[in-house]
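Worksheet for the structure shown next.
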Number of protein chains: 2
Amino acid sequence: MAGTDSTQTTLDENSITGGPVIILVKPQLGENIGMVTRAMLNNGLTELRLVKPRDGWPNPAAEASAAGAIEVLENAKVFETTQEAVADLHKVYATTARTRDMTKPVAVPHHAAKEMRTFDQSSQKVGVLFGPEKAGLHNDDVVLADTVISVPLNPKFSSLNLAQAVLLISYEWYQLGVNVPDQELILGSSPLAIKGELVNFYERLEAALDESGFLWPPEKRPNMVRNLRNIFQRAHLTDQEVNTLHGVVKTLRLGPRVQSKSKK
Amino acid sequence: MAGTDSTQTTLDENSITGGPVIILVKPQLGENIGMVTRAMLNNGLTELRLVKPRDGWPNPAAEASAAGAIEVLENAKVFETTQEAVADLHKVYATTARTRDMTKPVAVPHHAAKEMRTFDQSSQKVGVLFGPEKAGLHNDDVVLADTVISVPLNPKFSSLNLAQAVLLISYEWYQLGVNVPDQELILGSSPLAIKGELVNFYERLEAALDESGFLWPPEKRPNMVRNLRNIFQRAHLTDQEVNTLHGVVKTLRLGPRVQSKSKK
C-alpha cells in the first residue's frame with residue numbers, strides 16, 4: 001500500500017515502509033524527544049529530524065526515555081534551520097493548535113493522514129513539523145508547510161504534550177495502513193458451533209423444559225421458545241460452549257443432590 | 001449528539017456531555033494516573049474510576065502530574081474490585097493488546113468509539129477498562145467486558161503507556177462528536193478574492209507579459225496563459241494577496257532601478 005513497492009506486502013513490512021518524517025523544531029526536553037521516538041515506532045514511523053534541539057545532541061535524557069525505540073533516536077538527523085530540515089520533502093504539514101493570521105489550509109489529523117497515504121503512493125516524501133513544547137511553531141516555520149494539522153480537542157483543555165501530539169498524528173497514519181477488521185469475534189480454542197448443533201441444543205433444552213412444565217400454557221410456548229433461542233443465538237456459541245450447556249441442562253434436570261464422587 | 005439532551009448544543013457543551021467512564025484497574029504509578037486525567041480532559045471525558053490503586057488514594061504524584069485536569073482526579077471514585085466498578089454500567093470494554101484464549105468480540109478503537117456514541121444516544125452508560133501498567137488486564141476482568149478493544153500497532157513495538165492508551169481511546173470518542181470540516185482554508189485578515197478580481201489580475205499580468213515579449217510565439221500563447229493562470233488559481237488568493245501581486249507586476253515592469261524614497 002505504501003511507497004513504491006508494487007508487490008503484495010504483509011501488514012508488518014507494509015507498515016514500516018514509508019510514512020511521514022517527524023520533524024521536531026527546537027525541542028526542549030530530551031525526555032520528550034525519547035518519548036516521541038516511542039510514539040513513532042509504535043506506529044511504524046522511523047525517520048526523525050531535529051531542528052536545533054535546545055540541549056544539544058546526542059542527549060542522554062532522550063536515550064533514557066526512548067527505551068526500545070533507540071534505533072529511531074540513533075538515526076535522527078539534526079539541522080540548523082527548519083528550511084534545511086524540509087529541503088528534500090515534497091509536502092510539509094505543520095501541527096499547531098492556534099488559529100494563525102495566515103491563509104493556509106487546515107486539516108484534521110485523519111484527513112491529513114489520508115493525504116499522506118496518497119503522497120506515499122505517488123512517492124512524494126512527506127514531513128510533519130512539531131514546534132517547541134511551550135511556544136509551538138513560529139509563523140516562519142508554519143509558512144514552510146502546505147497544510148496545517150490541527151487536532152480538535154476540548155477547547156477548555158486542549159494542550160497536548162509533544163509526544164502525545166506525535167502519537168495522534170502517527171496513529172492516524174498507521175491506522176490507514178492496517179488491514180484489521182473493525183470488529184471480529186476472536187475464538188478461543190474451539191470453533192464456532194454450526195447452526196445444526198445450536199438447534200440440537202435448543203431442542204434438548206426445550207424438551208427438558210416441557211417435561212418440567214416451564215413452557216406452559218401451550219399458547220405461550222412458541223413465543224417463550226423464540227425468546228430463549230434468541231438469548232443463546234446472541235451469544236455466538238462455540239462447539240465447546242454448546243457441550244458445556246448440554247451438561248448444564250442435563251445436570252440441572254437431576255435436581256439438587258448430595259455431591260457424589262461417582263457422579264459424572 | 002451525545003446523551004439525552006435533544007436540543008442543539010454547541011461543540012463545547014456537546015463534547016463534555018456523556019462519554020465513557022475510564023476505569024483504571026490496579027494502576028501502579030501515580031504519575032500515570034495524573035497523565036490519564038489530562039488525556040481524558042483533552043477529549044472531554046471527566047469520569048474516572050480506580051480499582052485498588054497500588055499506592056493508595058489520594059496520591060500526591062497523581063495530583064502533581066494532573067496539572068490542569070485536577071478536577072477529574074478529585075472526582076475519581078475508588079473501588080475494591082472491578083466488578084463493583086462496573087456494576088452500574090450497561091456496556092463495558094476491555095483494552096488489551098494480547099490475544100486471549102477467550103471467545104469475545106474484538107474491535108479497533110474507532111469502531112468501539114462509534115458504538116459508544118450509539119450507546120450514549122440510547123442512554124446506556126459505558127465504561128472502558130485499562131489494566132495495570134506491566135501486566136495488563138487479568139482474564140477475570142476481561143470477562144466482565146462485552147467487547148475487547150485492541151489498538152492495531154507496529155507488531156514489533158506495540159507497548160503503549162497507560163496514558164497514551166487512554167489518550168487514543170478518548171481521542172477516537174471525542175473526534176466522533178466534533179463538527180470540524182476535514183479540511184478548510186483558514187483565512188487571515190482578508191477575504192478570498194472573487195473570480196472577477198482574479199481574472200482582472202491575470203489580464204494585467206498577461207498584458208505586461210505581452211509587452212515584454214514573454215507570451216511568444218502567438219500559437220503558444222493560449223497554453224502559456226492557461227498554465228500561468230493555473231498557478232495562481234491553485235493558490236486560493238485573498239483580496240490582499242491579489243493587490244500585492246498587482247504591485248509586484250507593476251514594480252517589476254519598471255525594471256531594476258536605484259532605490260528611491262519617492263518610489264511608491
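Selection over segment A:183-201 of residues that are loosely packed, with under 15 Cβ neighbours inside 10 Å and part of a helix (DSSP H, G or I) gives a count of 4. Among the criteria (1) without any contact (Cβ under 8 Å) to a residue 60 or more places away in the chain; (2) out of contact with any helix residue (DSSP H, G or I) (no Cβ under 6 Å at 6 or more places or on another chain); (3) more than 14 Å from chain A (Cβ to nearest Cβ), the one B:Pro132 does not fulfil is (1). With respect to being at pLDDT 95 or above and surrounded by 12 or more Cβ atoms within 10 Å (Cβ to Cβ), B:Val180 falls outside the description. Does at least one position in segment B:153-167 carry a residue that is within 7 Å of chain A (Cβ to nearest Cβ) and over 30 Å from A:Ala66 (Cβ atoms)? Scanning segment B:153-167, I find no residue that is within 7 Å of chain A (Cβ to nearest Cβ) and over 30 Å from A:Ala66 (Cβ atoms), so the answer is no. Restricting segment B:28-53 to residues that are touching a Gly at 6+ places or on another chain (Cβ under 9 Å) and over 20 Å from A:Ala165 (Cβ atoms), the residue that is nearest to the other protein chains (Cβ to nearest Cβ) is B:Thr46. Check whether at least one residue in segment B:195-204 is of a type in the set (Asp, Glu), out of contact with any Phe, Trp or Tyr (no Cβ under 6 Å at 6 or more places or on another chain) and closer than 27 Å to A:Val148 by Cβ, and report yes or no. There is at least one residue in segment B:195-204 that is of a type in the set (Asp, Glu), out of contact with any Phe, Trp or Tyr (no Cβ under 6 Å at 6 or more places or on another chain) and closer than 27 Å to A:Val148 by Cβ.
Among the candidates B:Ala62, B:Ala76, B:Ala39, the residue that is surrounded by 24 or more Cβ atoms within 10 Å (Cβ to Cβ) and free of Cβ contacts under 8 Å to residues at least 60 places away in the same chain is uniquely B:Ala62. Kindly indicate whether any position in segment B:181-193 is away from every other protein chain (no Cβ under 14 Å), hydrophobic (A, V, I, L, M, F, W, C) and within 42 Å of the chain's Cα centre (by Cα). Looking for residues that are away from every other protein chain (no Cβ under 14 Å), hydrophobic (A, V, I, L, M, F, W, C) and within 42 Å of the chain's Cα centre (by Cα), one finds none in segment B:181-193, hence no.
For segment A:89-118, the set of residues classified as of a type in the set (A, V, I, L, M), closer than 13 Å to A:Glu172 by Cα and at the interface with another protein chain (Cβ under 7 Å from one of its Cβ atoms) consists of A:Ala107, A:Val108, listed by residue number.
This table checks each residue for (1) more than 19 Å from B:Leu24 (Cα to Cα); (2) over 26 Å from the mean Cα position of the chain (by Cα).
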| site | (1), (2) |
| --- | --- |
| B:Ser65 | no, no |
| B:Thr96 | no, no |
| B:Asp101 | yes, yes |
| B:Gln124 | yes, no |
| B:Ser150 | no, no |
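Which condition breaks for A:Glu172 when tested against (1) out of contact with any strand residue (DSSP E or B) (no Cβ under 7 Å at 6 or more places or on another chain); (2) at the interface with chain B (Cβ under 8 Å from one of its Cβ atoms); (3) in a helix (DSSP H, G or I); (4) surrounded by 16 or more Cβ atoms within 10 Å (Cβ to Cβ)? The single condition A:Glu172 does not satisfy is (2).
The values are calculated or read from the model by the stated rules, or taken from the named source; none is laboratory data. Predicted, not measured: the structure shown is a model, and the values here were computed from it. Positions of Cβ are backbone-derived with ideal geometry, glycine not excepted, and every protein chain shown enters the neighbour counts.
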